[in-house]
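This report refers to the structure that appears directly beneath it.
FYI, it's all coordinate maths here, none of it is from the lab. Please read these numbers as outputs of a predicted model, since none were measured by experiment. No Cβ is skipped: glycine too gets one built from the backbone with ideal geometry, and neighbour counts run over all protein chains shown.
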Amino acid sequence: MDHMDAQTTKNDEPGWSELQDATYAALNCKAVTEEARNLTSTLCDQITAMELGSGKRQHKRGVKKAEQLRTAVESFIADLLRAQATGNGWVYRPKRPESFTGDPVGHRTFKTVTETLISTGLVETKRGFQDAVQWEKGGPKFGTWRWATRFRATQALLDLCAEHGLKPDDVDRHFLLPLPEHPLQRRRASKRDDFGKKIRGTPMSYRHTPKSEWLEGTIKELNEFLDGKLGGGVHRGYVCVFNNGDDPHFDWDKGGRLYSQGHKNYQQTSDSERLKLTIDGEPVCEIDIRASYLTILHALHKEHLDPDKDPYVLPGLGEDGRDVVKSWFLATFGYDRHLSRWPQEMSDKYRDRTGKALGKVYPIKKLRERIIGAYPVLAHWGEPFDGHKLGWAELMYRESSAVQAAMFTLKHHGIASFTVHDSLIVPRHAVSFAIQCLADAYHYEAGTEDIALVVHSMDEPERHVIGRREVQDWELEDEAETNHSLAKPENEADSEYSFAEPEGEALDGAAEAEDQVDPFYNPKDDDDFHRGQYGEDDDEEGNGGTASWSDPEAAYRAPSIEWLKRDMLPPGRGHYGEDDDNEDGG
């Protein structure tokens with residue numbers, strides 16, 4: 001029988017470090033596909049048959065006890081398969097009865113399941129052990145740490161899974177994770193070792209403040225609203241990761257991106273795969289915000305970035321230099337200062353692609369001077385802005401806040417949306433509204449008047465769109481008093497956005513798995529410059545619709561985000577332009 005190529009286990013004799021790197025068996029997953037439920041039933045039947053045959057049990061379990069057995073089996077198998085897909089195959093679980101208090105799986109049931117699976121050769125184990133240290137050769141050894149029992153699926157169990165149509169890589173499609181209980185994470189700043197290798201920032205413990213409680217509550221609310229609405233992909237809620245948490249001025253205003261949970265979640269799939277998703281059964285479009293960081297930086301300095309032009313095509317360099325210019329932005333916006341040399345990874349990739357030295361063809365100092373000539377605001381990159389630090393983490397916070405504000409506006413109107421950091425996936429019928437929400441949110445967070453967008457669809461060519469923020473009536477009244485021009489379009493439909501085509505060619509919209517950035521091969525169309533999977537710092541870093549989204553006549557006037565009343569904002573947050581908006585540059 002063909003047991004699928006991916007069904008191989010890591011069953012070599014484990015070393016010390018391998019056992020240390022085991023993942024925790026949380027025992028909290030549910031089988032949700034027919035294949036997973038059938039596998040669970042097969043294993044439950046085997047366990048029951050062995051118990052009856054050995055005399056350990058005289059009668060079959062009743063309904064309640066049988067359900068407890070199923071819960072233990074399905075959750076343990078899910079943990080074992082996930083460890084094969086994402087780790088080294090080993091999981092650990094303390095076996096003390098008190099460690100199961102309050103858990104969905106009880107101590108006795110778990111003991112029965114593990115002992116039976118071990119005796120039948122489906123699971124191997126390493127008993128709990130104690131680490132010891134010996135300070136002097138021949139001297140006494142002292143116990144330093146106790147390690148819980150380890151478990152790992154054997155090839156026999158993986159073969160059984162394969163017979164039922166399950167592969168480790170598909171574990172999150174077959175077994176459902178619960179939504180994150182604590183979806184707010186604060187991480188230390190990342191560092192680099194003596195060889196320039198990035199060491200990611202580690203999570204920090206923290207005490208809740210009114211602001212962090214509000215933030216966590218909003219993410220939980222969003223997760224609950226979106227649960228079960230995405231079809232064709234993996235998503236088990238968001239975790240919101242804030243960076244540079246050890247900065248003395250940290251106030252939940254650095255980073256703040258939403259990271260989808262689950263192995264091979266939708267954020268880690270390609271752009272073409274994401275366009276196959278559905279939201280509430282409806283086909284989707286993905287709206288990319290082009291040059292998001294550059295747009296925000298210009299707006300903060302009261303400068304305007306022309307949305308009609310490709311920002312990466314510079315005079316004298318043209319299309320041939322576009323990828324290198326974009327890579328410069330990737331590198332520069334990954335640091336809080338201008339770089340004196342190209343990052344080694346970029347140099348290596350350029351040499352592999354062209355056979356040439358990147359620093360020789362495009363000396364970074366000369367390229368920087370040319371880019372600053374095109375965008376003078378970049379001359380001040382790394383300098384304090386308005387009395388506060390303005391670096392990658394602060395720009396990311398502005399971007400993340402804008403995208404999340406748009407998501408909550410859509411949610412307020414009953415529309416689900418899913419983010420890929422600098423893009424938004426929405427139902428096909430809601431594209432017009434989503435564009436207006438993004439334009440208004442970017443204005444609220446950074447003061448932009450318009451933003452350049454690229455709309456992608458499965459069955460229509462990508463469209464370049466200019467999202468224009470909605471001018472409020474009170475601004476027109478101020479205009480009359482100050483003679484400051486705020487033109488409000490006569491045509492109501494035109495007040496939402498323009499379908500003007502940028503002069504540059506359509507930008508490529510690919511988004512690879514977040515830890516596989518290649519600035520030279522089909523890069524994503526924006527400064528989603530910090531592609532790290534959840535848990536990593538990012539520094540360095542239609543049906544049911546009204547009409548086709550590509551039809552300008554389908555536009556309808558969208559309400560602004562004024563529904564976000566002050567009492568719905570976190571402490572210290574005021575509406576854009578008010579005196580209490582003092583977010584340390586973020």
Note to self: C-alpha centroids of the stretch 172-223 and the stretch 307-357 sit apart, in Å, by 30
Rounded to two decimals, the Rg over Rh value of the stretch 230-336 from Cα coordinates and the Kirkwood Rh reads 1.03
With x for Gly and Pro, the residue-by-residue ³J(HN,Hα) of the stretch 347-362, computed from phi through the Karplus equation 6.51 cos²θ - 1.76 cosθ + 1.60 at θ = phi - 60° and given in whole Hz, is 4, 5, 5, 5, 5, 4, 7, 10, x, 10, 8, 4, x, 7, 6, 10
Expected vector for the stretch 253-261, Karplus 3J(HN,Hα) from phi with 6.51, -1.76, 1.60 and θ = phi - 60°, integer Hz, x for Gly and Pro, equals 9, 9, x, x, 6, 9, 10, 5, 9
Ordering 354-362, 432-440 by per-residue average of other C-beta atoms within 10 angstrom, highest first, gives 432-440, 354-362
Note on the stretch 319-380: C-alpha Rg/Rh, Kirkwood Rh, two decimals, gives 0.95
Applying the gyration tensor rule to the Cα atoms of the stretch 16-176 (axes a ≥ b ≥ c; rounded if a/c under 1.5, else prolate if a/b exceeds b/c, else oblate), the class is prolate
Counted neighbours (other Cβ, 10 Å), sorted fewest up, put 463, 353 in the order 353, 463
From the cross-link list 95/198; 191/302; 95/191; 264/366; 30/220; 65/264, the entries with a Cα-Cα span beyond 30 Å are 95/198; 191/302; 95/191; 264/366; 65/264
Quick shape check on the stretch 158-247: root eigenvalues a ≥ b ≥ c of the Cα gyration tensor, a/c under 1.5 is rounded, otherwise prolate if a/b tops b/c, else oblate, and it reads oblate
